[in-house]
Amino acid sequence: MNPPADVARRRRDRLDWSFRAFVAGQSVNGLGSMVATVALPLVAVRRLHASTFDVGLLEAVEWAPAVVLALPAGALVERHWRRARTVMAAANAGQALCVAAVPLTAATATLTFQVMVVAALGAGCFATVFQTAYSPLVRAAVDPDDLLLATARLQTGRSVARVSGPALGGALAQAVGAATTLAADAASYLVSLLSVVALPAPTALQPPVAPSSNERAPAVTAAIREGVACVRTSPVLSTVVVATAMANLFLTGFGALEVVFLVRVVHVPAATIGVLFAVSGTGGLAGSLSATRLSRRFGTVTLARYAMAITAPAGILIAVTTPGAGLVLFAVGGIVVGAGIALVSVTFLNLRLQRCPTDLQARVGATSRVLTSAAIPLGALAAGALGQAAGTRLALAIVAVGYVTFSIGLLRSPLLTAATPPGDHQPEATG
């Protein structure tokens, strides 16, 4: 029996309000994370005099837990989906505590590089748990017809954070010190926690497809195999996962080198670094704002394939940045590459949500996270070692050329020739 119209309307209004609150909370959390992208390496480079490899190691350990924890976490989330919201809130609390350890130990003069490594490792563990439940919760909270719009709004929030967060991080680092600035990141996780709690309880959302009363839920290992098999047998899902992993490999290489390059080679102060990152972030904002329109104009799969190949060559500009007016090259390169990444992020997430069965969302998301996250520490460590051996400028150039080569190779992937996902828009006819 269908609920009365006024009850259904109130339920929709509540979901709409709660999802807007969720988007706002994740945007604030993204702001804090972008503050940390400037502040954290500055703490390592300026306060602790870390090497280029140490900075890469610091980024690597934050992502390493996903390789080990994501698959079992994904299976467990689906077996206990009613507790997903509670688990996500607890994970946010854990992230806040780990990040807060850096400014607290800095204030007591006990901060060491080892403390930063342990804090990053702990935050990475909690982030893995949070992200495992993220996709199925979004899928359940949003009408299937609104998935593209919902993912675009989430990406827009992250892109706004990319614009404002680095400038704020640079200004705060200049004013109160990089270590103290990380308190803002810790606070942002508490805001995220509140936005998660604002979502309706999982029982009010559409649950995953559950086994019938005479069936038992699959064992964790069997559940993991089902998620892996879903990715392996789908040309679209497998291409999305592999392409995301490779993009992460190169983009993390950029991230591991940029702050060290700007500080030690280009001699840029903290506030200016923040401004450069903020200007670069406008590309991501533009990409996320235009993703829905471009997807409807050209088709989601077409946009997913070509956006990266068209924008990747601009990454070379980052490697040839020079002091003074030459900083424009860094900004332009960041803007163009960021726009391409934002477009690809929206389309890839939308394709995964569309092509994956509801009851496999967490497991497929976990499989994707294992593979894509494994590329991140690999990229950070490789770039750090390369920068240590050959210098950060040459290392950035090598990473940029590798990114361009991969992006062009994506054009030969099976993504475009695979069946168009349900709900994908074909290119509009032109007269």
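The values are calculated or read from the model by the stated rules, or taken from the named source; none is laboratory data. What you see is a predicted model, and the numbers here were worked out from it, not measured in a lab. For neighbour counting, all protein chains shown are included, and Cβ atoms are generated from backbone atoms with ideal geometry for every residue, glycine included.
Tabulated results
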| read-out | value |
| --- | --- |
| Single condition A90 does not satisfy, out of (1) within 26 Å of L371 (Cβ to Cβ); (2) crowded, with 23+ Cβ neighbours inside 10 Å | (2) |
| Residue that is nearest to T347 (Cα to Cα), among those in segment 228-243 that are in a helix (DSSP H, G or I) and touching a Cys at 6+ places or on another chain (Cβ under 9 Å) | L237 |
| Qualifying residue in segment 194-216 (condition: modelled with pLDDT of 80 or more, out of contact with any His (no Cβ under 8 Å at 6 or more places or on another chain) and under 21 Å from V279 (Cα atoms)) | no |
| Residues located in segment 332-359, provided they are under 11 Å from C230 (Cβ atoms), at pLDDT below 75 and touching a Ser or Thr at 6+ places or on another chain (Cβ under 9 Å) | R355, C356 |
| Among residues of segment 268-288, those that are farther than 11 Å from P166 by Cα and either touching a residue at least 60 places away in the same chain (Cβ under 8 Å) or among the small types (G, A, S) (or both), counted | 8 |
| A286 vs. criteria assigned to a helix (DSSP H, G or I), out of contact with any Asp or Glu (no Cβ under 6 Å at 6 or more places or on another chain), surrounded by fewer than 22 Cβ atoms within 10 Å (Cβ to Cβ) and among the small types (G, A, S) | yes |
| Per-region count, segment 241-277, residues more than 21 Å from A178 (Cα to Cα) and of a type in the set (K, R) | 0 |
| Residue that is surrounded by the fewest Cβ atoms within 10 Å (Cβ to Cβ), among those in segment 141-192 that are closer than 19 Å to V99 by Cβ and at pLDDT below 80 | R158 |
| Boolean, A385 is surrounded by fewer than 24 Cβ atoms within 10 Å (Cβ to Cβ), touching a helix residue (DSSP H, G or I) at 6+ places or on another chain (Cβ under 9 Å), in contact (Cβ under 8 Å) with a residue 24 or more places away in the chain and closer than 25 Å to D54 by Cβ | yes |
| Failed item, numbered, when T321 is tested on (1) assigned to a helix (DSSP H, G or I); (2) in contact (Cβ under 8 Å) with a residue 24 or more places away in the chain | (1) |
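Okay, residues lined up against (1) surrounded by 21 or more Cβ atoms within 10 Å (Cβ to Cβ); (2) modelled with pLDDT under 95; (3) not in a helix (DSSP H, G or I):
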residue: V370; (1), (2), (3): yes, yes, no
residue: P377; (1), (2), (3): yes, yes, no
residue: A380; (1), (2), (3): yes, yes, no
residue: L394; (1), (2), (3): no, no, no
residue: V399; (1), (2), (3): yes, no, no
residue: S407; (1), (2), (3): yes, yes, no
residue: R412; (1), (2), (3): no, yes, yes
residue: L415; (1), (2), (3): yes, yes, yes
